[in-house]
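The values are calculated or read from the model by the stated rules, or taken from the named source; none is laboratory data. Bear in mind that the values here come from a model prediction, so they are computed numbers and not experimental data. All Cβ positions, glycine included, derive from the backbone under ideal geometry; neighbour counts span all protein chains shown.
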């Protein structure tokens, strides 16, 4: 019982990780605002606050600087958090694996509940990947590097594409034989392509949650349609989940080598790493841009198509460049954090990061209210990208202020406390003791 209490007590935190998590969540809310929190169809009565040049600039920043990169940092930090929890438990002589399994199950349930109003949520996927980290905790570093590289380069995607192409070639050969026997040219692949074109060109019928807006209809749509789309996006041929799991493994590895515990002694090394990541990112992007352009929509609807190896190459280069640029962003942030001139200002992001789960889910709840057809989607759905970008900044600042004052009186954010209490199946200390 004593060990149980000691581990559930508040632990000393590495403040730069909290600030970095707060920084990552800034990019998350901005990108989700530009994506209108996944509501899909707009219900705006009229288009307002649209400024073509500014809207284009805001969308460019979202697509080329924010999208995929900040959420990568968020995923990496999850892997770091896993190591920190397991490591601190081990130092106390506690086997935390069973408790961590339960903790990840709780997180998956939280995420699936959030999915009812926020179909872009990712914490249910994080809970699943957290479970996969447990057997990797004690493997050798070189094994972690191999696993990281395999998933970063899209190993599962390559296996899926090889299987798909093999199956498709057999189907096409059978269709060709049948056509030859009948004395007619094979047109199966042409008819498939024509069918896909008709699907894209056919006017989309408004779904029920748009025709008859209500929270119930939106939740039903999210579970019946969007949930399977999310699973396919994460684990299908697009394979965003492969990249996310690679970052989880990277976070575990970086935690194991005590990188963040030695920041003070390695400022020069971090500067060199930052410059290196920027240069290598530019080189990878240059190589990718030299290659012929690839239509990635094929990965969403591959039926009847043979996917070329060049598609796998370009997709892998894109994922690598995304991770490299995320690393450059994170290291640039760390260097600013370590500087005397900027560090004290960046530290204000730490409370946001300490209450990261609460703030992340609150982002989704607010996004649902702002854009959902059953709430204020008819008002905000017509806003331009620049206005939504600024609106996201305002929401982020308000959340940051609330987080700062919340932590003056409480040990954890509200959902962090709930998660911790459910983890140990008993109420945890909540309020700070008065000095």
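Observations on the structure shown:
- A residue that is in a loop (DSSP other than H, G, I, E, B), buried (at least 17 other Cβ atoms within 10 Å of the Cβ) and in contact with a helix residue (DSSP H, G or I) (Cβ under 8 Å, 6 or more places away or on another chain) cannot be found anywhere in region 390-405.
- Residue list for region 226-260, restricted to those being out of contact with any helix residue (DSSP H, G or I) (no Cβ under 6 Å at 6 or more places or on another chain) and at positive phi: 258
- Cβ-Cβ under 6 Å pairs, at least 6 apart or on other chains, region 166-179 side farther than 23 Å from residue 309 by Cα, far side part of a helix (DSSP H, G or I): 175/188
- Hey, residue 241 crowded, with 20+ Cβ neighbours inside 10 Å, over 15 Å from residue 334 (Cα atoms) and in contact (Cβ under 8 Å) with a residue 60 or more places away in the chain or not: yes
- Out of 176, 184, sole residue that is modelled with pLDDT under 95 and assigned to a helix (DSSP H, G or I): 176
- The one condition from (1) part of a helix (DSSP H, G or I); (2) buried (at least 18 other Cβ atoms within 10 Å of the Cβ) that residue 232 does not meet is (2).
- Residues within region 335-362 that are part of a loop (DSSP other than H, G, I, E, B), touching a helix residue (DSSP H, G or I) at 6+ places or on another chain (Cβ under 8 Å) and at pLDDT below 95, tallied: 1
Residue by residue, here is whether (1) in contact (Cβ under 8 Å) with a residue 60 or more places away in the chain; (2) over 20 Å from residue 255 (Cβ atoms); (3) part of a helix (DSSP H, G or I) holds:
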position: 18; (1), (2), (3): yes, no, yes
position: 26; (1), (2), (3): yes, yes, yes
position: 53; (1), (2), (3): no, yes, yes
position: 62; (1), (2), (3): yes, yes, yes
position: 78; (1), (2), (3): yes, no, yes
position: 84; (1), (2), (3): yes, no, yes
